[in-house]
Amino acid sequence: MAAQTKPVLYGYFRSSCSWRVRIAFALKCIEYDQVPVNLIKDGGQQLTDQYKALNPMQQVPAVSIDGITLSQSMAIVQYIDETRPGLRLLPADPKQRAQVRMICDLIASGIQPLQNLYVIQKIGAEKVQWAQHFINRGFEALEPILKQTAGTYCVGNEISMADICLVPQVYNAERFKVDINHFPTIKRLNQTLIELEAFKVSHPSCQPDTPDDVRT
């Protein structure tokens, strides 16, 4: 289905959920516009009434596409996959498809929400230890799963939504000083994926709203 206008991504350069959507757009070779929503500036631009009208949960990302506005990164990525040609982000094989969804759910529901900005702000001084605890706990579950499912990528030898979830989560882990060397399969997969063009162009270090001090 061809879009009449380019999709618009409302996101934040460092948001792992926004990054998932950027990766999906890049893998599908879809041109899109970005509207930055700074989660820090002005007390959090996601908390404005204007943005709340786009995403009632007041989180990023939101995407305007095909005459509708979608929130929640996994719903957005699946919509992109189902409506655009090119690389498919869910395997055709039902067992592999279930494995991809399992990995996505583990990261998107079991790890990332516990160290997103809103939660971390509530934790206060112990935020680094909190994030490390839950990332390590999640990775301790993810590592043996990936040992079973991985080939070149998270599930077999084709890129999938699982890879889209993994790379931003590893980036977050590194920000919070989690020792990735304890998770060799996760480390190997991440090193492979971050060399791919779609993951490079979507990286937080090179977005329109990336601050100069972290831009590369």
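The values are calculated or read from the model by the stated rules, or taken from the named source; none is laboratory data. If you're wondering where the values come from, they're calculated on a predicted model, not measured in any experiment. Cβ sites come from the backbone with ideal geometry, for glycine too, and all protein chains shown count toward neighbours. Quick note on the areas: whole protein, heavy atoms, side chains included, nothing else; ligands and nucleic acids left out. Shrake-Rupley method; radii C 1.70, N 1.55, O 1.52, S 1.80 Å.
Return the carbon/sulfur percentage of the accessible area of region 74-207, one whole number, probe 1.4 Å, all protein chains in place. Here carbon and sulfur together make up 52 percent of the probe-accessible area. For the peptides 150-160, 76-86, the ranking by packing is 150-160, 76-86, with the highest mean count of neighbouring Cβ atoms within 10 Å listed first.
For the chain, with the dipole built from +1 on Lys and Arg beta-carbon atoms and -1 on Asp and Glu ones, taken about the Cα centre, which of Leu70, Leu189, Pro36 lies farthest toward the positive end? Projecting each Cα onto the dipole axis, the largest value belongs to Leu189.
Going by the alpha-carbon gyration tensor, a ≥ b ≥ c the square roots of its eigenvalues, is region 9-87 rounded (a/c under 1.5) or, if a/c is not under 1.5, prolate (a/b greater than b/c) versus oblate? Prolate shape, in that a/c is at least 1.5 and a/b is the bigger ratio. Size descriptor for the chain, Kirkwood hydrodynamic radius: 17.6 Å (Cα pairs only, one decimal).
Amide hydrogen proximity for Ala150: with H placed 1.01 Å from N in the peptide plane, the residues at 5 or more positions away or on another chain lying under 5 Å are Gly156.
Look at the alpha carbon pairs under 8 Å that are at least 6 residues apart: their mean separation over the length of the chain gives a relative contact order of 23 percent. Which of the aspartates and glutamates could a cross-linker span from Lys200 if the Cα-Cα distance has to be under 17 Å and same-chain partners fewer than 8 positions apart are dropped? Counting by Cα, and skipping residues close in sequence, Lys200 has these aspartates and glutamates nearby: Glu31, Asp163, Glu174, Asp209.
In the chain, helices alone account for a calculated mean residue ellipticity at 222 nm of -15000 deg cm²/dmol, with every DSSP H run of four or more residues adding -39,500 (n - 2.57). Label sites at Glu82 and Arg97, each approximated as a point 7 angstrom past Cα along Cα to Cβ, lie 1.1 nm apart.
The value given for region 116-171 is a Kirkwood hydrodynamic radius of 12.7 Å, derived from the mean inverse Cα-Cα separation. Annotation: aspartates and glutamates with alpha-carbon distance below 13 angstrom to Lys28 (same-chain offsets under eight excluded): Asp81, Glu82, Glu197.
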